[in-house]
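Working notes, structure below.
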Amino acid sequence: MTAIRQDAWSEEDDLILAEVTLRHIREGSTQLSAFEEVGEKIGRTAAACGFRWNSFVRKKYEAAIQIAKAQRQKRNQHRKHASAFASVAGSGMGGPLASEGAVRSDGIVEELSIDAVIRFLRQWKGSYQEMVRHVRQLEKELNDKQDELERLRNLNDELSRQVSDVSTDYRVVNDDYKALIQIMDRARKLAFLAEEEEESKTRFKMDENGNLERIE
């Protein structure tokens, strides 16, 4: 006969631990709170419940945990939407919409009167129309900016073309100038050489007796 430890976890204990922990996950509470609640129910410490959950029970309920988290997320989104609705409705024309009915603890407005709903919808229509006008104004400004941007792009292209033309003309003129300088330099050198040759030539003159005499 196998002996059973007095502190051993039973299937019922594991089931209680799973049910309570999953409920706390769905409601957005902490697992520590769940472990404390389970501990009170089955006479164990919160630390022991936490160890049992993480080491054994959690692995058996992975799918249920994901479902509980999804339910918690959906519940939180529902609360945010209800809170936003009550906040917007509270500033409605002709009196707060929320005051026309009861507000539950989770933020959902109940028992709204038809008049309150109509006032809210009228106010919402006015806000929507104002928003549409603002959006159209922004679209017009955006179109104007795009037209201005296109104009500046065209101007930039034209200026770039002019700069390119000027650069080309400058290179042509510069090349012509260099060629002219070279021609002038060669001409100067030729003139200098011709002058030296002229000076180096031997000169003669005729004396009184008709003889040629070299001029030094």
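Could you please let me know if D7 is among the charged types (D, E, K, R) and at pLDDT below 90? Steps first, answer last, please.
Working: among the charged types (D, E, K, R): yes; at pLDDT below 90: yes.
So D7 fits the description; yes.
Within segment 46-64, can you find the residues that are open to solvent by 60 Å² or more (accessible area, probe 1.4 Å) and of a type in the set (D, E, K, R)?
Those that are open to solvent by 60 Å² or more (accessible area, probe 1.4 Å) and of a type in the set (D, E, K, R): R58, K59, K60, E62.
Condition first: open to solvent by 40 Å² or more (accessible area, probe 1.4 Å), on the phi < 0 side of the Ramachandran plot and within 45 Å of the chain's Cα centre (by Cα). Can you find one or more residues in segment 38-45 that meet it?
Scanning segment 38-45, I find no residue that is open to solvent by 40 Å² or more (accessible area, probe 1.4 Å), on the phi < 0 side of the Ramachandran plot and within 45 Å of the chain's Cα centre (by Cα), so the answer is no.
The values are calculated or read from the model by the stated rules, or taken from the named source; none is laboratory data. All figures in this text were calculated on a predicted structure; none of them were measured in a lab. Protein only, heavy atoms only, side chains kept; ligands, DNA and RNA dropped before computing areas. Shrake-Rupley method; radii C 1.70, N 1.55, O 1.52, S 1.80 Å.
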